[in-house]
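A quick write-up on the structure given underneath.
Each reported figure results from applying straightforward, stated rules to the coordinates on display, with no laboratory input. Given the structure is predicted, the values throughout are model-derived calculations rather than measurements. Every residue, glycine among them, receives a Cβ derived from its backbone with ideal geometry; neighbour counts consider all protein chains shown.
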Amino acid sequence: MVLCLEDAEKPKLDYLVGCNLGARPIDQHIKGFEALGADVEVANGNITAKARKLTANSIYMDVVSVGATINIMLASVLADGTTIIDNAAKEPHIVDVANFLNTMGADIRGAGTDIIKVNGVKELKGNATYSVVPDQIEAGTFMLAAVASKGDIVVKNCITKHLESITAKIVEIGGNVDANGDHLRVWCNTRTNKATIKTLPYPGFPTDLQPQMGVVLSLSKGTSIINESIWESRFQYTAELNKMGAKITAQGKSAVFEGVDKLNAAPVYACDLRAGAALIIAGIAAKGKTEIYNLNYIDRGYENIEEKFRKLGAKIERVNDEQPQDKI
């Protein structure tokens, strides 16, 4: 296996816009701002929110939204009174943002549960020191890479509780996970078994690890099914895996994975951040030299990913190529 990562082109805007995963409604963000007393105007492609003063309110989130939960927390920290966010997102980075703001003098309680209470304060202090929580998605990516490649690795400096849904699925399909403090050993020496997975908000199986798990299921015995409940266009990566010999049928928010014995090298294109990570895993597990293009997506979410995989024994190299993408 030799894996080659190539920059086919670098469209600057891709660093500013997100991955194309389908509709990204902002109605819950606007609802929260307006409930706190802001005037929000959406016009000519711009969103403008103005307020002389924000006042606390009770806000029920119609759908669980990580971004909206964080935005409402940020807006209500200095608002007069106590803001209650009901049906709030519970992801680890929600708790992380709340803890960071509390370090600066905010009064946020209940982060990580369905109901967050924010008691407004007069000001925040800028002399705080804070250590950001380890990224469970990056840790999960390496865990699934170990399973797909029949490897044996130790992931250090992770919070094992944040990875329980991934750990449970790895064990279910025949992999092995041993948690020891802030370390996780993950290994697999046999072909894994089929599974049925549905992505859900935390603490369910994360949508951001769905493509990586898709690579594992592509190589597993039997027929597996993934149901995606978060993003409507998450399965774009399956077409690239099929180029490598996978047998995946994706339609709407569901995909069927007919397990194959092996994947073969092919030139493939990352269509979003997590799809890119999945293709790296597929390239590591595949026979031959795989070339992966559109690295700008991958670089948005992983720092020096090729160096980390090299330390694990992967033959991976980043190559710069100035040719247009359609001629690679």
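Neighbouring Cβ atoms within 10 Å as the yardstick, rank Ser149, Ser233 fewest first. The partial results should precede the final answer.
Values: Ser149 24, Ser233 15.
In increasing order of surrounding Cβ atoms, one gets Ser233, Ser149.
Helical content of the chain, expressed as a calculated mean residue ellipticity at 222 nm, amounts to -8500 deg cm²/dmol (DSSP H runs of 4 or more residues, -39,500 (n - 2.57) each, divided by residue number, nearest 500).
Counting neighbouring beta carbons within 10 Å and listing from fewest to most, the residues Thr69, Thr113 come out as Thr113, Thr69. Region 123-167 to region 37-77: how many Å between their Cα centroids? Value for the Cα centre distance between the two parts: 30 Å. Which of Lys287/Lys311; Lys150/Lys308; Lys221/Lys289; Lys90/Lys308 have a Cα-Cα distance over 22 Å? Among Lys287/Lys311; Lys150/Lys308; Lys221/Lys289; Lys90/Lys308, the Cα-Cα distance tops 22 Å for Lys221/Lys289; Lys90/Lys308. One decimal place: the segment Ser254-Arg24 gains 80.9 nm when fully extended, by the rule 0.36 nm per residue minus the C-alpha distance.
Summing +1 for each Lys or Arg and -1 for each Asp or Glu among the other residues whose beta-carbon sits under 13 angstrom from that of Val132 gives -4. Taking every full run of DSSP H in the chain, none both stretches at least 30 Å from end to end by Cα along its long axis and averages 1.6 or higher on the Kyte-Doolittle scale.
Report, please, the projected area of region 53-119 averaged over directions, based on the convex hull of its C-alpha atoms, in nm². Intermediate values should be presented prior to the final figure.
Numbers: hull surface 15.0 nm².
Averaged projected hull area, Cα only: 3.8 nm².
Label-to-label distance, Asp80 versus Asn320, with points set 7 angstrom from Cα along the beta-carbon direction: 5.6 nm.
Of the trypsin sites (Lys or Arg not before Pro) found in region 47-81, those that fall in a DSSP loop while having at most 14 other beta-carbon atoms within 10 Å are Arg52, Lys53.
So for region 33-104: antiparallel DSSP bridges make up what percent, rounded to the nearest 5? Percentage antiparallel, nearest 5: 55. Checking every one of the GluC sites (Glu not before Pro) in region 246-328 against DSSP loop status and a limit of 10 other Cβ atoms within 10 Å picks out Glu303, Glu322. Take the Cβ atoms of Arg310 and Asn46, set R0 to 51 Å, and the FRET efficiency comes out at 0.70.
For region 184-310, DSSP calls about 55 percent of its internal beta bridges antiparallel.
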